[in-house]
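Visitor: Below you will find the structure I want to go over with you.
The values are calculated or read from the model by the stated rules, or taken from the named source; none is laboratory data. None of these values were measured; they are calculated from a predicted model. Don't worry about glycine lacking a Cβ; one is built from the backbone with ideal geometry, like all the others, and counts go over all protein chains shown. For accessibility, only protein heavy atoms count, side chains too; no ligands or nucleic acids. Shrake-Rupley method; radii C 1.70, N 1.55, O 1.52, S 1.80 Å.
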Amino acid sequence: MTETAKAAFIEELNAALGAAVVTGEDIPAPFRHDWSGLPPVLPIALIRPRETDEVATALRIANRHGVTIVPQGGLTGLAGGAQPVAGGAVLSLDRMSGIEEIDPVMASITVKAGTPLEVVQKAADEAGLFLGIDLGARGSCQIGGNLATNAGGNRVIRYGMAREHVLGLEVVLPDGTVVTSLNKLIKNNAGYDLKQLFIGSEGTLGIITRVVLRLQAKPLTVNTVFCGCRDFPAVLDLLKGARARLGPALSAFEVMWPSFYDFMTGKLSELRRPLGRPHGVYVLLEQSGFDPEADSGRLEAVMAEMLEAGIVEDAVLASSERETRDLWAVRDSVSEYGKLMGPITAFDVGLQTDRMADVIAGIEAAYQARWPGAILLVYGHIGDSNLHLVANVPAAGDHQPHDDITDLVLGAVRAAGGTVSAEHGIGLLKKKYLHFTRSDAELALMARLKVALDPGNILNTGKVFTL
């Protein structure tokens, strides 16, 4: 973009949106990058609208000038989906925050897209209802970004991915057209389900501005147990047994390999090791239900059966909210990676659950052979076939071999028939690997949708795939 063209774009933006526009070095540092670890990029403008019509105005102006607009939510994404693009502008939804309505009869909540997830959770809770979406970044991530990436999180095993919670959306298309469909009906089979085009599209097809979410009955009991298992086959037996005996009351099933458990509890003094001796694999299991008198006893009976059968070697059942927080703190310690390891290469993959142990063993062997003494932490939402790996080569310092590590890990995932992204999206970092998971026909259809909705290719240009 020439300086003349840039000046014309910014002049029109300023005239239309005034104080909502920031340029040059006045753009705060947080808006210059997301959590992907990519180097900061100074956008030509930062747009912070408060209302949907301001989003529409910004996109109409950008479309006329052919300027890329990168939508930004809480900036907690790890794939580079919210990373600014050189010569482009960013549009942050952080000022479009707030609860608009809670409908207890329809069990729905209508919110602006920039509302932090934790705020939505608390509003639902105060109304005696429950939002089934939950992520470790709940205090920072925004609901619009959760939907744009089709976020997963801790309770997918019971409640499903983000898209399962959406009843209606308001979206602004790249040409500034506002599509408002704030539907509250669970059953609405009239024509195409257009909201699904935008959920998981990573801001490449439209910008989500308002959302109607489906709420659930608020569980009356939540019980948490931390288990030590001999090996991964025992974990699979525990998963099958818990599903069979707890049914829909099984609300979380988080698994940690010793690489993760030992490293995090060894490095963070504030973490308490729940179990006294080492085990082959660790499981954090949560049960939520509606029978205060029977639920705890039901979980205790399941665990007693698992212990007697040798499926579980040891277990600690939380008896208070504090103990529950302590158990979850081990799994939620992932936010401390930067402090403990410096630059990392992180993976969010999906694998058929019964293949996970073999795939991980192969990756670990190849990784250590290539970089002896390197760190590879493994954990995940195994109940929904989602696995996370975090890699760091201490000897490489700030110059981590990201590409070589990624080729190794995602190559193994591809060979096992898995997906290169289970819940974090594709963004910039994974787009060259998208064909590992999607066929040529699927990629061609994605491109046709992009061209149909964004013929000027101005919305999050270059993310997910390149036209």
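Visitor: Looking at the range 267-299, which of the residues that are open to solvent by 60 Å² or more (accessible area, probe 1.4 Å) and among the small types (Gly, Ala, Ser) is nearest to Leu220 (Cα to Cα)?
Guide: Top of the filtered list is Gly276.
Visitor: Hey, among the residues in the range 75-109 that are β-branched (Val, Ile, Thr) and open to solvent by 10 Å² or more (accessible area, probe 1.4 Å), which one's nearest to Ile458 (Cα to Cα)?
Guide: Here the answer is Val85.
Let's see how each residue does on (1) in contact with a strand residue (DSSP E or B) (Cβ under 9 Å, 6 or more places away or on another chain); (2) assigned to a strand (DSSP E or B); (3) not β-branched (Val, Ile, Thr):
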| site | (1), (2), (3) |
| --- | --- |
| Glu164 | yes, no, yes |
| Gly168 | yes, yes, yes |
| Asn189 | no, no, yes |
| Leu205 | yes, no, yes |
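Visitor: Is there a residue in the range 436-452 that is in contact with a helix residue (DSSP H, G or I) (Cβ under 8 Å, 6 or more places away or on another chain) and under 19 Å from Pro71 (Cβ atoms)?
Guide: Yes, the conditions are met somewhere in the range 436-452.
Visitor: State yes or no: is Val67 surrounded by 22 or more Cβ atoms within 10 Å (Cβ to Cβ), of a type in the set (A, V, I, L, M), more than 30 Å from Gly289 (Cβ to Cβ) and more than 21 Å from the chain's Cα centre (by Cα)?
Guide: yes
Visitor: Applying the selection to the range 361-383, what residues are hydrophobic (A, V, I, L, M, F, W, C), at pLDDT 95 or above and either part of a strand (DSSP E or B) or open to solvent by less than 50 Å² (accessible area, probe 1.4 Å) (or both)?
Guide: Listed by number, the residues that qualify are Ile363, Ala366, Trp371, Ala374, Ile375, Leu376, Leu377, Val378.
Visitor: Can you pull out the residues in the range 300-329 that are open to solvent by less than 50 Å² (accessible area, probe 1.4 Å) and within 26 Å of the chain's Cα centre (by Cα)?
Guide: Result: Thr324, Asp326, Leu327, Trp328, Ala329.
Visitor: With respect to Leu42, determine if the residue is under 30 Å from Ile344 (Cα atoms), touching a residue at least 40 places away in the same chain (Cβ under 8 Å), of a type outside the set (S, T, N, Q) and open to solvent by 60 Å² or more (accessible area, probe 1.4 Å).
Guide: It is true that Leu42 is under 30 Å from Ile344 (Cα atoms), touching a residue at least 40 places away in the same chain (Cβ under 8 Å), of a type outside the set (S, T, N, Q) and open to solvent by 60 Å² or more (accessible area, probe 1.4 Å).
Visitor: Against the definition (in a helix (DSSP H, G or I) and crowded, with 18+ Cβ neighbours inside 10 Å), how does Leu340 come out, yes or no? Talk me through it step by step, then tell me what you get.
Guide: Details: in a helix (DSSP H, G or I): yes; crowded, with 18+ Cβ neighbours inside 10 Å: no.
For Leu340, the condition - in a helix (DSSP H, G or I) and crowded, with 18+ Cβ neighbours inside 10 Å - is not met.
Visitor: Within the group Asp398, Asp407, Asp403, which residue is in contact with a Pro (Cβ under 9 Å, 6 or more places away or on another chain), farther than 26 Å from Ala62 by Cβ and either in contact (Cβ under 8 Å) with a residue 12 or more places away in the chain or not in a strand (DSSP E or B) (or both)?
Guide: Answer to the check: Asp398.
Visitor: Quick check on the range 204-216. Is at least one of its residues within 26 Å of His424 (Cβ to Cβ), surrounded by fewer than 17 Cβ atoms within 10 Å (Cβ to Cβ) and among the aliphatic types (A, V, I, L, M)?
Guide: Among the residues of the range 204-216, not one is within 26 Å of His424 (Cβ to Cβ), surrounded by fewer than 17 Cβ atoms within 10 Å (Cβ to Cβ) and among the aliphatic types (A, V, I, L, M), which makes the answer no.
Visitor: crowded, with 18+ Cβ neighbours inside 10 Å and at pLDDT 95 or above, is that true of Pro49?
Guide: yes
Visitor: Hey, can you tell me all the residues within the range 384-437 that are closer than 17 Å to Trp35 by Cα, open to solvent by 30 Å² or more (accessible area, probe 1.4 Å) and either acidic (Asp, Glu) or in contact with a Cys (Cβ under 8 Å, 6 or more places away or on another chain) (or both)?
Guide: Across the range 384-437, the qualifying residue is only Asp398.
Visitor: Answer yes or no as to whether Asp354 is of a type outside the set (Val, Ile, Thr), within 18 Å of the chain's Cα centre (by Cα), closer than 22 Å to Val235 by Cβ and open to solvent by 20 Å² or more (accessible area, probe 1.4 Å).
Guide: For Asp354, the condition - of a type outside the set (Val, Ile, Thr), within 18 Å of the chain's Cα centre (by Cα), closer than 22 Å to Val235 by Cβ and open to solvent by 20 Å² or more (accessible area, probe 1.4 Å) - is not met.
Visitor: Sticking with this one: Looking at the structure I just gave you, is Thr209 farther than 30 Å from Glu308 by Cα, in contact with an Asp or Glu (Cβ under 9 Å, 6 or more places away or on another chain) and of a type in the set (S, T, N, Q)?
Guide: yes
Visitor: Ala234: open to solvent by less than 10 Å² (accessible area, probe 1.4 Å), within 28 Å of Ile360 (Cα to Cα), in a helix (DSSP H, G or I) and among the small types (Gly, Ala, Ser), yes or no?
Guide: The answer is yes for Ala234.
Visitor: In addition: Quick one: count up the residues across the range 263-280 that are part of a helix (DSSP H, G or I) and under 22 Å from Arg322 (Cα atoms).
Guide: Final tally of qualifying residues: 4.
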